[in-house]
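Report on the following structure.
The values are calculated or read from the model by the stated rules, or taken from the named source; none is laboratory data. None of the values given here were measured: they were computed from a predicted structure. Neighbour counts are summed over all protein chains in view; Cβ atoms, including those assigned to glycine, are modelled from backbone coordinates with ideal geometry.
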Amino acid sequence: MISPPDATRSDRLQATLWIAAGLAILALLYALSPILTPFLLAGILAYICNPVTDRVTRWGVPRVLAVVLVMLALAALAAGLILIILPLLYEEAAVLAARTPEAMALANEKLAPWLRQHFGLRLRFDPASLQKLAAGNWDTVQAILERIYSSLKIGGVALVGLAINMMLAPVVMFYLLLDWHGLIGRVANMVPRPWHAKLVSVANDIDAVLSQYLRGQILVMAILAVYYSLALWLIDIPSALSIGVVTGLLIFIPYLGFATGLILASLVATLQFAGWGPIVAVLIVYGIGQVLEGFLLTPFLVGERIGLHPLAVIFALMAFGQIFGFFGVLAALPASAALLVGLREVRALYLASRFYQGR
């Protein structure tokens, strides 16, 4: 039966209005992106913590108390990570301060002759000589100090913004967790009834894929924490356990975990004043770890769990990083997992279409 022209015109008008509303929402989100960070962070944490909260409520605990307990456990985990890092930094700073005279003597013995031979620079690495050198180049030093001061001002503003976001995110997370199922239900009720069953099915598939991604990522973090701790212990690096655990736990943020661990381990190896051997050993350990993570663990443990081919995982990391930068790399795999579900639906529609079947 052919639809009346008025019905077809009405359907087109409704579709146009929905598309315009969607574009307006996207434009609004783009305009408000600077203030959406705490809400986005709270939403991600609430999504991760909601299954745990539901499990606690099934034990007979009221929802409000369950949310508080889960958030306290998350805060304890973050505090534990900080308590691992801070003593390590304090210890290495104390070692650096204690060994500064030895480092200057070594620089006078090894570095100063090399600079004199290759660049004609006559330097002495001691407080008096360095102060004299700074006084003779005060214009350059002043320009450098002004740049550092400007950077500190910009960094201070950024730190204030970060602190505000960190204080706001737990509040938003609390209310999201408290009313999680009510919010999901209200969003589901807004979906047009003819699309409801299909969209719910797609949402459940995306939820299952993201759950698999989180499990795979946790497994990668645990394996790398064990690897770095054991490898650094074998090459006789002090604080090997702390550095290895920090590296493994921060691996979920691409490059940050690797860079943090490499810097800490290299600093500890340098402060041993045992020559190039420990430093080279650290570089080898982290080089092997990066290859292990990028080409074996992440593609197979994360990629296979979310249905992505290892080559697709590598391509997704590079493509999202190229388009969106650091945050693109961070969101590459979960976003690819969600897109994969949508592509499966599009593929099913294409295979069922008259165009494909030639009818």
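How do the pairs read when you match residues in segment 199-222 that are assigned by TED's automatic domain parsing to the domain that holds Pro299 with residues anywhere that are in a helix (DSSP H, G or I) and of a type in the set (S, T, N, Q), using Cβ under 9 Å and keeping only pairs 6 or more apart or on different chains?
These pairs meet every condition: Gly216/Thr298; Gln217/Thr298; Val220/Thr298.
Quick check on my filter: what residues within segment 200-251 are acidic (Asp, Glu) and over 22 Å from Phe300 (Cα atoms)?
Hit for segment 200-251 is Asp236, nothing else.
Can you tell me which residue among Ala93, Ala79, Ala98, Ala66 is closer than 30 Å to Thr260 by Cβ, modelled with pLDDT of 75 or more and either of a type in the set (Ser, Thr, Tyr) or part of a helix (DSSP H, G or I) (or both)?
Ala79
Just to be sure, is Ile35 at pLDDT 75 or above and either aromatic (Phe, Trp, Tyr) or within 29 Å of the chain's Cα centre (by Cα) (or both)?
no
Pairs please, first residue from segment 63-80 and without any contact (Cβ under 8 Å) to a residue 24 or more places away in the chain, second anywhere and among the acidic types (Asp, Glu) and part of a helix (DSSP H, G or I), Cβ atoms under 9 Å, 6+ apart in sequence or on different chains.
Ala66/Asp54
Return the total of residues in segment 300-314 being part of a helix (DSSP H, G or I) and either at pLDDT below 70 or over 18 Å from Ala208 (Cα atoms) (or both).
6
Since Leu317 meets every condition but one in (1) loosely packed, with under 12 Cβ neighbours inside 10 Å; (2) at pLDDT below 75, which condition does it not meet?
(1)
Given the options Gly248, Gly244, Gly257, name the one that is modelled with pLDDT under 80, within 30 Å of Ala274 (Cβ to Cβ) and surrounded by 14 or more Cβ atoms within 10 Å (Cβ to Cβ).
Gly257
Just to be sure I understand, how many residues within segment 241-256 are touching a residue at least 12 places away in the same chain (Cβ under 8 Å) and either farther than 23 Å from Gly294 by Cα or assigned to a helix (DSSP H, G or I) (or both)?
Residues that pass the stated criteria total 11.
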